[in-house]
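The values are calculated or read from the model by the stated rules, or taken from the named source; none is laboratory data. This one's a predicted model, so the numbers in the text were calculated from it and none came from an experiment. Every residue, glycine as well, gets a Cβ built from its backbone with ideal geometry; the counts of neighbours run over all protein chains shown. When the accessible area is computed, the model is the full protein with side chains, heavy atoms only, and any ligands, DNA or RNA have been set aside. Shrake-Rupley method; radii C 1.70, N 1.55, O 1.52, S 1.80 Å.
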Amino acid sequence: MVNTPRTVAIFGAGYIGLVTGACFADLGHRVTVRDVQPERIRLLNAGDVPIYEPGLGDLIAANKDRLTFTLDAREALKGAEIAYICVDTPPTASGDADLSRVWSVIESLKDAPHLTAVVIKSTVPVGTGDRVRAALDEAGLGHVGYASNPEFTAEGKAVDDFLRPDRIVIGASDAATAQLVTELHAGVEGPVQTLSVASAEMVKLAANALLATKITFINEIATVCEATGADVEQVARAIGMDHRLGPHFLKAGLGYGGSCFPKDSRALRAMASNSGYPFQLLNSVIEVNDLQPRRAIQRLKTELGGLKGRRVALLGMTFKAGTDDLREAPSAVIAARLLAESADVHCWDPMARPADAAPWNSTTRHPSPAEAMRDADAALVVTEWPDLNDVDWAAAGRAMRRPLLFDGRNALDPDALAAAGFTYMSVGRATLRPRVTVR
Ligand code: UDX
């Protein structure tokens, strides 16, 4: 692959825009990242990274000569050959994607004389590329190529996912643009898959929906395991050894959350529904995932004989470990459900930023798991933080009103917890009763 340094304007300094910008700069390109939020740009210009993503701060610092940040679209586009759109596309009331931020970027491209390609990384409905193409033509930018280059980066390992991806998907309106975007990735270790624009747009939605389906499938199996006496961890391990199925995304738990799976599965469902097709499998996936945290609370309620006035410790708040992201985290549904049942909710999380909105403003935050668990009637592991391996469980259990632990991520060793005096509940496995009496 030819490695020609290019001038790239990135629109959007969120997770995707910053990771894309930093990685392109690292590959040798000159990059300007533009965002509309003054505080975000101020922090970036001061050398701070406004989000938590391992390795991103170092990458930005190491490439600061080739990486600038601005509020001004014109400045970002000065000399730019390629414009990357990485803005958010939140759902509207109808479940369609709100593309207004994408359109306002397209609007600003008229002032970019050197521009040869526009690339969308944001997740968009299939067909957006055709609309962008028409908008570019209408704006007198018929000579500017268009490509869809969806991202598949997972939070917490976004930099590595970008630089060593399973594949780079490029759907371009013409061969020259496909070649340009391919060359832009020279140095990235991963195969390039070139396809039509519509197919590239669909790959992103379909891949996330299939991953969400895999998680939901194992959560359904877990429920059947609970009813029949099988152990979902043993079942998942043996299923995953079949190379046709693979071991990934077979971890039963409280359901998927985050900025992608919930939003993208609903977007795909809305897209199918708009064309009159009820995507029933996806409907079920979404419904089961909504149910998953509620089922956990119901099981806890049964075990405790009611939740009113019970003190419950939530261990973890973020949607997964290794991130500070609370978006669509099952913890919010869990906290809100517990509060609706008049429980007293105490939380711990090593990374989540202080959250003052509901339901968190009605909960108490603690600096350690042990403190959150003190005097509690039950503790619920919501996020599989490695810090939980360092807890002195026997001591924490003794400080509880009742040593009951619901491991919503099957993250801990059941036998060790039972030996530490806990009643240990988890997902898709039998409940273990304490092996020793702690008081
Ligand atoms: C995901 C995709 O992995 C990524 O390709 C896409 O670009 C964006 O969405 P992310 O949301 O960062 O990335 O997190 P991921 O690690 O995929 O986990 C998503 C959710 O599924 C988390 O809530 C996680 O706890 C849950 N999950 C994951 C399970 O419950 N079980 C599993 O086996 C795997």
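Data table
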{"quantity": "Residue count for region 92-132, restricted to those that are touching a Ser or Thr at 6+ places or on another chain (Cβ under 6 Å) and either on the phi > 0 side of the Ramachandran plot or assigned to a helix (DSSP H, G or I) (or both)", "calculated": "1"}
{"quantity": "Members of region 202-240 found to be within 9 Å of the ligand (Cβ to nearest atom) and touching a Pro at 6+ places or on another chain (Cβ under 9 Å), listed by number", "calculated": "Lys204, Ala207, Ala212, Ala236"}
{"quantity": "Matching residues, region 325-339, being touching a Ser or Thr at 6+ places or on another chain (Cβ under 9 Å), more than 12 Å from the ligand (Cβ to nearest atom) and open to solvent by less than 20 Å² (accessible area, probe 1.4 Å)", "calculated": "Ala335, Leu338"}
{"quantity": "Matching helices (runs of 4 or more DSSP H) fully within region 317-436 where at least 2 residues are touching a residue at least 60 places away in the same chain (Cβ under 8 Å) and either closer than 27 Å to Thr216 by Cα or of a type in the set (S, T, N, Q) (or both)", "calculated": "330-340"}
{"quantity": "Region 173-201 - residue that is without any contact (Cβ under 8 Å) to a residue 60 or more places away in the chain and of a type in the set (Ser, Thr, Tyr) and, of those, farthest from the ligand (Cβ to nearest atom)", "calculated": "Ser173"}
{"quantity": "Where Ala139 falls short, out of the listed (1) open to solvent by 50 Å² or more (accessible area, probe 1.4 Å); (2) modelled with pLDDT under 95", "calculated": "(1)"}
{"quantity": "Within region 241-265, tally of residues that are crowded, with 16+ Cβ neighbours inside 10 Å and more than 10 Å from the ligand (Cβ to nearest atom)", "calculated": "1"}
{"quantity": "Tally of residues being more than 25 Å from Lys263 (Cα to Cα) and either surrounded by 22 or more Cβ atoms within 10 Å (Cβ to Cβ) or modelled with pLDDT of 95 or more (or both) across region 113-132", "calculated": "3"}
{"quantity": "Verdict on Leu43 being open to solvent by 20 Å² or more (accessible area, probe 1.4 Å), of a type outside the set (Asp, Glu), touching a helix residue (DSSP H, G or I) at 6+ places or on another chain (Cβ under 6 Å) and part of a helix (DSSP H, G or I)", "calculated": "no"}
